[in-house]
Amino acid sequence: TVHMETHGFQTEVKQLLNLMAHSLYSNKEVFLRELISNAADAADKLRFKALSDANLYENDGQLRVRLLIDKDQRTLTISDNGIGMTRDDAIQHLGTIARSGTKDFFQNLSGDQAKDSQLIGQFGVGFYSAFIVADKVTVISRVAGETADRAVRWESTGDGSFTVADVTKEGRGTDVILHLREDEKEFLDDWRLRSVIGKYSDHISIPVELWKAPEAAEGEDKPATEGAWEQVNRATALWTRSAKEIKEEEYKEFYKHVSHDYDEPLSWSHNRVEGNMEYTSLLYIPARAPWDMWNREQKHGLKLYVQRVFIMDDAEQFMPTYLRFVKGVLDSNDLPLNVSREILQDNKITAQLRKACTKRVLSMLDKMAKDDAEKYQKFWGEFGNVLKEGPAEDYANREDIAKLLRFASTHNDSNAQTVSLTDYVARMKEGQSKIYYIIADSYAAAKNSPHLELLRKKGVEVLLMWERIDEWLMNHLSEFDGKKLISVSCGDLELGDLEDEESRKQQEEATKANAGLIDRLKSALGSEVQDVRVSHRLTETPVCAVTDAHGMSSQMMKLMKAAGQ
Ligand code: ADP
Ligand code: MG
């Protein structure tokens, strides 16, 4: 060993290690999924790099991961021949958490173990899950294409620091050696490992192999069979298989692999398209919003493959921002293998794939809304506010997006957002030709707004909105099903046939009768207002402020004011 150094873990890693032991203990076998998943990622990365430099295979192109049990030493080794890590990689990747916003995440933990445990699963623990079952972890790694003496050994007992040293390693790739805790001997059992691999790693695209020891033949000195590595998983990438033969469980496991989410997905859609464009997509809707959904730097997008070869993670070009919660895989036969983010940026095929994937997600959501309203409501609770960005971002699909929106409404007298525009239209009064809504600061403010008085009297339903994004949404959604959407806080309600002749006359008369009062109000308020009018839209409140149909709404004004404008 040469050049040995000790490093401290990043604070957030220490917190993670601390929490993990308590929170994931009931599901401790997940460590194997994480480590095999990392091995498969390392194989993917090597395969990609070798596209331009086949020498990196070092005459060993059979990518695989092997599990080696040593009962005497009480160790389990997960060994891959993937891309490998340099000394700097090891310090960086196995000592910190690279995701942006990590600090915020940990600062927001409550200290309540039960609650925080929930969150930690969502965060994804990756490599560090090794410490659930091991009290010491040794990683020996050598990068593909480097000489044997350029290897690194990383080691830690998981209590605040780790060491790195220069060592020698013949084969490329990474060995993760778990020194199992006294009470984790179950992971030294061949059958136990097989069952965990079957459960978690069947869909991993490289073989997962276990050593099969030679079997002694009865009464003879020579063994009947020689020892050999035996493949225990199916090792075909899940999305390449036919949807008919894939079990629900397999889809769920694959989701956990691509999403780094410990929860099950809410829904998915698996499609192979042939013809003009050739691609396979497997798209998932998560059950829960990620903790960093509102973080601008949040990584999102699909895992991109070209002709089965992994190209990149987080290819965000294939999903619009308002669908950034979608996870999954896209495998294209049309993109070139040497495609880069730059090429993707401005590419006709990218644009077509994005269009197709967007449609796919919208129709998956539409189907969910129709088939399983309860499930859809769950989706809406998690992602509704993101979907509301849709009409502004994706003009072409705005009608389809609009169908997916859900609102609270005067019809239900509840703050639950369950009413669709389609429901609203079906309940419209005779003579009503517009869809009415109100945006306020809160549900209570919306529901009790004086602006609703007249419509309530006429029995006309009004959609109630109070989320920050609603103003933005409604600015970009002016029509649905050929009907105009009208804010009830704006001057002209465009009541049309709902307006009765009598009240119009009354209003005219009242205007005449109160001409003096109106003049006095106008001169008292001066430039504070544009106009003062007599109105019959109030039934209980004496006066209310409204905005011009073309002017800024009062909510927007508040937003601008808050922004210092
Ligand atoms: P993630 O897989 O989500 O990136 P992990 O905690 O599982 O997070 O792994 C952290 C990083 O460590 C990986 O991104 C990778 O760079 C590196 N790493 C882990 N295991 C391996 C491995 N077997 N071979 C090469 N690199 C690895
Ligand atoms: Mg990982």
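The values are calculated or read from the model by the stated rules, or taken from the named source; none is laboratory data. Predicted model only: the values in this text are computed from it and were never measured. No Cβ is skipped: glycine too gets one built from the backbone with ideal geometry, and neighbour counts run over all protein chains shown. What goes into the accessible areas is simple: the full protein's heavy atoms, side chains included, and nothing from ligands, DNA or RNA. Shrake-Rupley method; radii C 1.70, N 1.55, O 1.52, S 1.80 Å.
Return the residue satisfying two criteria in turn: it lies in region 314-341 and is outside any loop (DSSP other than H, G, I, E, B) and open to solvent by 50 Å² or more (accessible area, probe 1.4 Å), and of such residues it is nearest to LEU238 (Cα to Cα).
So, considering only residues that are outside any loop (DSSP other than H, G, I, E, B) and open to solvent by 50 Å² or more (accessible area, probe 1.4 Å), the one nearest to LEU238 (Cα to Cα) is GLU316.
Can you list residue pairs whose Cβ atoms sit under 6 Å apart, with the first residue in region 271-297 being in contact (Cβ under 8 Å) with a residue 60 or more places away in the chain and the second being of a type in the set (A, V, I, L, M) and surrounded by fewer than 16 Cβ atoms within 10 Å (Cβ to Cβ)? Count only pairs 6 or more apart in sequence or on different chains.
As it stands, the answer is TYR279/VAL273, since those pairs meet every condition given.
Can you tell me which condition THR138 does not meet? The list is (1) assigned to a strand (DSSP E or B); (2) among the polar types (S, T, N, Q); (3) touching a helix residue (DSSP H, G or I) at 6+ places or on another chain (Cβ under 8 Å), and all the others hold.
The one condition THR138 does not meet is (3).
Restricting attention to region 38-49, and to residues there that are in contact with a helix residue (DSSP H, G or I) (Cβ under 7 Å, 6 or more places away or on another chain) and open to solvent by 10 Å² or more (accessible area, probe 1.4 Å), which single residue is farthest from ligand 2 (Cβ to nearest atom)?
LYS49
Checking ARG33 against (1) more than 12 Å from ligand 1 (Cβ to nearest atom); (2) closer than 25 Å to ILE197 by Cα; (3) open to solvent by less than 30 Å² (accessible area, probe 1.4 Å), only one condition comes out false. Which one?
Unmet condition: (1).
Condition first: in a helix (DSSP H, G or I) and either within 14 Å of ligand 2 (Cβ to nearest atom) or among the small types (Gly, Ala, Ser) (or both). Now tell me which residues in region 90-129 satisfy that.
Within region 90-129, ALA90, HIS93, ALA114, SER117, GLY121, PHE123, GLY126, PHE127, TYR128, SER129 meet the criteria.
Only one of these is touching a residue at least 40 places away in the same chain (Cβ under 8 Å), within 13 Å of ligand 1 (Cβ to nearest atom) and among the β-branched types (Val, Ile, Thr): VAL164, VAL133, VAL196, VAL125. Name it.
Matching residue, one of VAL164, VAL133, VAL196, VAL125: VAL125.
Here are GLU182, GLU209: which of them is of a type outside the set (Phe, Trp, Tyr) and either surrounded by 13 or more Cβ atoms within 10 Å (Cβ to Cβ) or closer than 21 Å to HIS93 by Cα (or both)?
GLU209
I'd like to verify a number: residues in region 79-89 that are within 16 Å of ligand 2 (Cβ to nearest atom) and among the β-branched types (Val, Ile, Thr), how many?
1
This table checks each residue for (1) at pLDDT 95 or above; (2) surrounded by fewer than 20 Cβ atoms within 10 Å (Cβ to Cβ); (3) closer than 22 Å to ASP372 by Cα.
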| residue | (1), (2), (3) |
| --- | --- |
| SER409 | yes, no, yes |
| THR418 | yes, yes, yes |
| ALA426 | yes, yes, yes |
| ILE435 | yes, no, no |
| PRO450 | no, yes, no |
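It is to be established whether one or more residues within region 486-495 are open to solvent by 30 Å² or more (accessible area, probe 1.4 Å) and not acidic (Asp, Glu).
Within region 486-495, none of the residues are open to solvent by 30 Å² or more (accessible area, probe 1.4 Å) and not acidic (Asp, Glu).
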